[in-house]
Structures are given as C-alpha cells and as structure tokens.
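S.K.: Take this structure, written in structure tokens, and hold onto it; I'll ask about it next.
The values are calculated or read from the model by the stated rules, or taken from the named source; none is laboratory data. Keep in mind it's a predicted model, so treat the numbers as computed, not measured. We place every Cβ from the backbone using ideal geometry, glycine too, and count neighbours over all the protein chains shown.
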Amino acid sequence: MTSTPGNPPSSTEIADRLAINDILYSHCRGLDRLDSAILQACYWQDAEVDYGSYRGPAQAFAGLVIAALGEAYALTRHNIGNTLIAIEGSTAHCESYVNADHLLAGETQEMCFSGRYLDRLEKLDGQWRLSHRQVVIDWARIRDLENLRDTEAFADLAKGGQGADDPLFPFLAGGVA
C-alpha cells in the first residue's frame, strides 16, 4: 500500500497517514500536558515500549512517565518531524525525529533530547494505534538558561503549564484561554 517516494498516494493511504500522524501528535500532547489518558489512548492494550530504562507494557508506562515528567520538569515540549511511514496492510512502521525540550524544576536549566521514535502501529476495526515504540537517542545536552517567560516583554502572554493549568483545556472546552 505504501507508495514510492515522489508518487502520489491513494486516498486510502492519505487517510491512514493522517490517522497515524494524529496518534503520533497526540502522544506528544499527552506527554507535555501530563495526561496519561491521552497516552493510553494512543496504544493498544497489549502494546509494548522500549524507553531504555523502561521496557514493558505501554499502558503501565503511561502512568509512570507522567509522574516522572511532572516531578522532574516544570514543562516539556516534544516535537516530531521527518516522519516516514511505511504501510503494509494493517501494519505501519514509522521513523520520526524527536526533539524534546525539558525545562528543569527551578527553571534555570533545560535538558534537550534529540533522537528518534521507531514505531509500529496496527490498524484494528478501522483504527490505528501504537503496538510498539522504541526510543533511540542521537544526543542530549543540558544548557543553562535565562528564563524570560515572566519578564516584561512576555508579561501579557498566556503561560503554558502542565496538566489542567495549561490554556489548552479551556480553549478546547470552548472558552477563552
């Protein structure tokens, strides 16, 4: 089903790719908003993950990673790109580059992770979800920073937060962020 690079994909493949990307982007949102329900919805019940220090059931990982991120970091931002998707029937293999910025508690340093997600997704009953994820590190670094978020230049901007403190949630509920 996967088209050769440069050849237009079929309408079915376009729909599948959009659904797969939605799962990948939702996973990033779940991490950054500390929402284990979003993460769990991205994985099939029997899915597995390999995050190096944790290898095992994805459903359990969703709760563990949310607690760890909330404890160690004031904010995180996971961005994926260069996502290549190979679809064969009801299975897809994806490689996505990931850049994840982590504002450490205390907000004077950031840890920046550059790597890749190697994902296998399965389509069951018309729905795509992750069945396996492996995280690959290319490099990581810690940098000192001067956090300008609360300075006069940015005083009037809405401030991102973890969980329900983020302006996203009133926005999604139809209110003003």
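S.K.: Give me the residue from the range 141-177 that is of a type in the set (Asp, Glu) and assigned to a loop (DSSP other than H, G, I, E, B) and, out of that set, nearest to the chain's Cα centre (by Cα).
M.R.: ASP166
S.K.: State yes or no: is ARG29 exposed (fewer than 12 other Cβ atoms within 10 Å of the Cβ) and either in contact with a strand residue (DSSP E or B) (Cβ under 9 Å, 6 or more places away or on another chain) or farther than 15 Å from CYS94 by Cα (or both)?
M.R.: Against the criterion (exposed (fewer than 12 other Cβ atoms within 10 Å of the Cβ) and either in contact with a strand residue (DSSP E or B) (Cβ under 9 Å, 6 or more places away or on another chain) or farther than 15 Å from CYS94 by Cα (or both)), ARG29 does not qualify.
S.K.: Is there any pair with a first residue in the range 25-52 that is touching a residue at least 60 places away in the same chain (Cβ under 8 Å) and a second that is outside any strand (DSSP E or B) and basic (Lys, Arg) whose Cβ atoms are under 9 Å apart and which are 6 or more apart or on different chains, and what are they?
M.R.: Partner pairs satisfying both residue conditions: ASP35/ARG29.
S.K.: Hey, can you tell me all the residues within the range 95-129 that are touching a Leu at 6+ places or on another chain (Cβ under 7 Å) and either of a type outside the set (Val, Ile, Thr) or closer than 20 Å to ILE66 by Cβ (or both)?
M.R.: If the condition is that a residue be touching a Leu at 6+ places or on another chain (Cβ under 7 Å) and either of a type outside the set (Val, Ile, Thr) or closer than 20 Å to ILE66 by Cβ (or both), then GLU95, SER96, LEU103, GLN109, GLU110, MET111, ASP119, LEU121, TRP128, ARG129 are the ones that fit.
S.K.: Okay, moving on. Could you pull out the residue among LYS159, LYS123 that is charged (D, E, K, R), modelled with pLDDT under 95 and over 17 Å from ASP35 (Cα atoms)?
M.R.: Unique residue meeting the criteria: LYS159.
Okay, residues lined up against (1) among the aromatic types (Phe, Trp, Tyr); (2) touching a Phe, Trp or Tyr at 6+ places or on another chain (Cβ under 8 Å); (3) surrounded by 15 or more Cβ atoms within 10 Å (Cβ to Cβ):
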site: LEU104; (1), (2), (3): no, yes, yes
site: GLU107; (1), (2), (3): no, no, yes
site: GLU122; (1), (2), (3): no, yes, yes
site: ARG133; (1), (2), (3): no, yes, yes
site: GLY161; (1), (2), (3): no, no, yes
site: ALA173; (1), (2), (3): no, no, no
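S.K.: Suppose we filter the range 123-140 for residues that are over 18 Å from ARG29 (Cα atoms), within 18 Å of the chain's Cα centre (by Cα) and either assigned to a loop (DSSP other than H, G, I, E, B) or charged (D, E, K, R) (or both); how many remain?
M.R.: Number satisfying all stated conditions: 1.
S.K.: Has the range 40-53 got any residue that is farther than 16 Å from TYR117 by Cβ and in contact with a helix residue (DSSP H, G or I) (Cβ under 6 Å, 6 or more places away or on another chain)?
M.R.: Yes.
S.K.: Continuing with the same structure: If I ask for residues that are closer than 30 Å to PRO5 by Cα and crowded, with 17+ Cβ neighbours inside 10 Å, which ones from the range 40-71 would you list?
M.R.: Correct list: CYS42, TYR43, TRP44, ALA47, GLU48, VAL49.
S.K.: Tell me, yes or no, whether the range 66-76 has at least one residue that is more than 17 Å from the chain's Cα centre (by Cα), under 20 Å from ILE38 (Cβ atoms) and of a type in the set (Asp, Glu).
M.R.: yes
S.K.: Run down ALA86, ALA92, ALA100, ALA74 and say which single residue is surrounded by 14 or more Cβ atoms within 10 Å (Cβ to Cβ), farther than 30 Å from GLU146 by Cα and either of a type in the set (A, V, I, L, M) or at pLDDT below 95 (or both). Let's see the steps before the verdict.
M.R.: On the way: ALA86 fails: surrounded by 14 or more Cβ atoms within 10 Å (Cβ to Cβ); ALA100 fails: farther than 30 Å from GLU146 by Cα; ALA74 fails: farther than 30 Å from GLU146 by Cα.
Going through ALA86, ALA92, ALA100, ALA74 in turn, just one is surrounded by 14 or more Cβ atoms within 10 Å (Cβ to Cβ), farther than 30 Å from GLU146 by Cα and either of a type in the set (A, V, I, L, M) or at pLDDT below 95 (or both): ALA92.
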